[in-house]
1. Look through Gln45, Gln53, Gln40, Gln64 and report the one residue that is more than 8 Å from the ligand (Cβ to nearest atom), in contact (Cβ under 8 Å) with a residue 60 or more places away in the chain and within 21 Å of Thr8 (Cα to Cα).
2. Select from region 83-134 the residues that are loosely packed, with under 14 Cβ neighbours inside 10 Å, touching a Gly at 6+ places or on another chain (Cβ under 8 Å) and of a type in the set (Lys, Arg) and list them in ascending order.
3. Tell me which strands (runs of 3 or more DSSP E) are completely within region 45-134 and hold 3 or more residues being basic (Lys, Arg), or say none if there are none.
4. Among the listed residues Tyr20, Tyr61, identify the single one that is touching a Ser or Thr at 6+ places or on another chain (Cβ under 8 Å) and either hydroxyl-bearing (Ser, Thr, Tyr) or more than 29 Å from Asp114 (Cβ to Cβ) (or both).
5. Among the residues of region 78-134 satisfying the criterion of being within 12 Å of the ligand (Cβ to nearest atom) and among the small types (Gly, Ala, Ser), which is farthest from Ile67 (Cα to Cα)?
6. Could you list all residues from region 3-34 that are part of a loop (DSSP other than H, G, I, E, B) and near the ligand (Cβ under 7 Å from one of its atoms)?
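Read the figures in this text as sums done on the coordinates, not as results from a lab. Note that the structure is a prediction, hence the values are computed from the model and not measured. When we count neighbours, we look across all protein chains shown, and the Cβ atoms used for this are built from the backbone with ideal geometry, even at glycine.
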Amino acid sequence: MPVDFSGTWNLVSSDNFESYMLALGIDFATRKIAKMLKPQKVIEQEGDSFSIQTTSTFRSYFVQFKIGEEFEEDNKGLDHRKCKSVVTWDNDKLVCVQTGDKKNRGWTHWIEGDQLYLELRCEDQVCKQVYKRA
Ligand code: ECB
């Protein structure tokens, strides 16, 4: 059985998020609020089609994509920088490359046990988050 990311996931830990936000140029006041949040992700996966809704009490963000198909991302409510994104499989990991003004931008998702992992990358910073099934 291939991996299925579908479900509702709650943040349990976030490492280096502040430095990741700094690399994205997020202002001080926004960073102070954002680092207190406990976002929830709702992922829908049907074959190679995905939607990922990340919600919090402050901002929310929605993205949908098909594996291997480049799409334009607006990062609305985040850093607002447009980028060209593409998500591919690396074995059972979902790897997104976000090409734009920021070097080395992207993320990787994978599942281990009942936990969802997310690595967010921007320039020389890596934020590691862990989510548990709701
Ligand atoms: C949307 C909840 C977090 C809101 C944080 C608010 C302000 C901070 C502004 C910018 C920081 C950059 C990113 C925020 C971190 C997470 C949002 C979505 C990260 C992401 O790209 O998730 C992917 C993979 O699950 C799908 O969009």
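1. Details: Gln45 fails: in contact (Cβ under 8 Å) with a residue 60 or more places away in the chain; Gln53 fails: in contact (Cβ under 8 Å) with a residue 60 or more places away in the chain; Gln64 fails: in contact (Cβ under 8 Å) with a residue 60 or more places away in the chain.
The conditions single out Gln40.
2. Of everything in region 83-134, those that are loosely packed, with under 14 Cβ neighbours inside 10 Å, touching a Gly at 6+ places or on another chain (Cβ under 8 Å) and of a type in the set (Lys, Arg) turn out to be Lys84, Arg133.
3. Strands (runs of 3 or more DSSP E) meeting the threshold: 125-133.
4. Numbers: Tyr20 fails: touching a Ser or Thr at 6+ places or on another chain (Cβ under 8 Å).
Criteria check complete, one pass: Tyr61.
5. Checked region 78-134; the qualifying residue farthest from Ile67 (Cα to Cα) is Gly106.
6. Correct list: Leu24, Ile26.
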